[in-house]
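This report refers to the structure that appears directly beneath it.
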Amino acid sequence: MSSLLEQLIEAFRILPGVGQKTAQRMAYHVLEREREGGRRLASVLSEAVERVGHCARCRDFSETEVCATCASAVRDAHQLCVVESAADRLAIEQATGYRGLYFVLQGRLSPLDGIGPREIGLDRLSDRLQEGQVQELIIATNPTVEGEATAHYLAQLSRQHGARPSRLAHGVPLGGELEYVDRGTLSHAFGSRSEMV
Ligand SMILES: [Zn+2]
């Protein structure tokens, strides 16, 4: 069994972009100077992992069964914006004045990895479209090969249910992720979206 210090370093390595060196620095930092912050981190991390689930309507992260956005009476239920991740949803929310609702795939179609329509919640999205309220499905998947394939699938699904599919304008760099695109570019791409034909 390794020492607690070694276990702590190993535990930090689960974070994206954190290798051995950075993990060591983090562990020493907490023990040398930040024990109180370390306690807070441990407690909020453990609580979040236990209590943050997914919204039953949009699949975004939520502590409640239906998230605040889906439960809001002022959002426009005629527009539904589909994104790959919660981070993309937040990027759009912060960059644009969009007042419609969202659907978070928590992934993208990737048949080679065994990720099909069901894995990204498209059965639920289909039910959602079936309710008949959505008039425009704004498809904001990333401009990657898999994101584009997912977009075409979504457009087809949208038309089957009588909703108009639209896609963000070019400007978001090809192969890029929405999350990392600057606000101005994202806002412009979102505002000048066009119908998918
Ligand atoms: Zn929701």
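The values are calculated or read from the model by the stated rules, or taken from the named source; none is laboratory data. The structure presented is a predicted model; accordingly, all values stated were derived computationally and were not measured. Counting neighbours? That spans all protein chains shown, and the Cβs are built from the backbone with ideal geometry, glycine included.
Go through segment 123-141 and count every residue that is more than 16 Å from the ligand (Cβ to nearest atom) and either among the acidic types (Asp, Glu) or surrounded by fewer than 22 Cβ atoms within 10 Å (Cβ to Cβ) (or both). Counting residues in segment 123-141 that are more than 16 Å from the ligand (Cβ to nearest atom) and either among the acidic types (Asp, Glu) or surrounded by fewer than 22 Cβ atoms within 10 Å (Cβ to Cβ) (or both) gives 6. Evaluation of Thr22 against the conditions (1) among the polar types (S, T, N, Q); (2) touching a Lys or Arg at 6+ places or on another chain (Cβ under 9 Å); (3) surrounded by fewer than 11 Cβ atoms within 10 Å (Cβ to Cβ) shows that the sole unmet condition is (3).
Residue under question is Ala42, and the condition is that it be within 13 Å of the ligand (Cβ to nearest atom) and either under 30 Å from Leu5 (Cα atoms) or of a type outside the set (Ser, Thr, Tyr) (or both); does it hold? No; evaluated as a whole, the condition is false for this residue. Of all residues in segment 65-114, those being acidic (Asp, Glu) and away from the ligand (no atom under 14 Å from the Cβ) number 4.
Close contacts from segment 91-102, counting a first residue that is buried (at least 16 other Cβ atoms within 10 Å of the Cβ) and a second that is of a type in the set (D, E, K, R), with Cβ to Cβ under 6 Å and a gap of 6+ residues or different chains, come to Ala91/Glu179; Ala95/Arg183; Gly100/Asp76; Leu101/Arg75; Tyr102/Arg89. Exactly one residue among Ser187, Ser110 is among the polar types (S, T, N, Q), in contact with a helix residue (DSSP H, G or I) (Cβ under 8 Å, 6 or more places away or on another chain) and in contact (Cβ under 8 Å) with a residue 40 or more places away in the chain, and that residue is Ser187. Taking the listed residues Ala27, Ala23, Ala87, the one that is in contact (Cβ under 8 Å) with a residue 24 or more places away in the chain, touching a helix residue (DSSP H, G or I) at 6+ places or on another chain (Cβ under 7 Å) and in a helix (DSSP H, G or I) is Ala87, with no other qualifying. Filtered by the rule that a residue be under 19 Å from Leu109 (Cβ atoms), at pLDDT 90 or above and not in a helix (DSSP H, G or I), segment 143-162 gives a lone residue, His161. Taking segment 90-109 as the range and being in a loop (DSSP other than H, G, I, E, B), closer than 22 Å to Val52 by Cβ and of a type in the set (A, V, I, L, M, F, W, C) as the test, only Leu105 passes.
Just one of Arg57, Arg35 is surrounded by fewer than 13 Cβ atoms within 10 Å (Cβ to Cβ) and of a type in the set (D, E, K, R); which is it?
Sole residue among the options that is surrounded by fewer than 13 Cβ atoms within 10 Å (Cβ to Cβ) and of a type in the set (D, E, K, R): Arg35.
Applying the set (1) part of a loop (DSSP other than H, G, I, E, B); (2) not assigned by TED's automatic domain parsing to the domain that holds Leu109 to Leu186 leaves exactly one unmet item: (1). For segment 163-174, the set of residues classified as among the charged types (D, E, K, R) and modelled with pLDDT under 95 consists of Arg167 only.
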